[in-house]
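Below: one structure, written as structure tokens.
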Amino acid sequence: MDNLACHKRAGVRRAIEAAGAARRRLPPYSPDRNPIERAFRKLKARLRAAAKRTIRAVEDYRGERSAAFAPEECRNYFRSCGYPTATPTREPL
């Protein structure tokens, strides 16, 4: 959890605990513990390699490449940041 005030409310705490998850506090900004930073790194590298230079080209490419992030790879981003993960037991929504 980051330090945003609404994340510290009792309702949020109860929802996290009801889901069986553990609460973990993060420093104010910690890119090394943020899985999205790893995904952005990959996306930016692919955009550079594809030489997309206009907004439209980036939008088109983004749609084509959305499948480039497999579920297991996304779980690995979380694992590499120290978050526990589990293999899903049901089909994704």
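Sort through ARG56, ARG48, ARG14, ARG41 and tell me the only one that's part of a helix (DSSP H, G or I), surrounded by 11 or more Cβ atoms within 10 Å (Cβ to Cβ), among the basic types (Lys, Arg) and free of Cβ contacts under 8 Å to residues at least 40 places away in the same chain.
Only one candidate passes the filter, namely ARG41.
Residues in region 51-93 that are among the aliphatic types (A, V, I, L, M) and at pLDDT 85 or above: how many?
Result for region 51-93: 4.
Got a number for residues in region 17-36 being surrounded by fewer than 14 Cβ atoms within 10 Å (Cβ to Cβ) and closer than 15 Å to GLU73 by Cα?
1
Does any residue in region 19-32 that is under 12 Å from GLY82 (Cα atoms) come within less than 7 Å, Cβ to Cβ, of a residue that is of a type outside the set (A, V, I, L, M) six or more places away or on a different chain, and which pairs are these?
LEU26/ASP2; LEU26/ARG33
The values are calculated or read from the model by the stated rules, or taken from the named source; none is laboratory data. These figures come from a predicted structure and were not determined experimentally. Quick reminder, even Gly has a Cβ in these numbers, built from the backbone with ideal geometry, and neighbours come from all protein chains shown.
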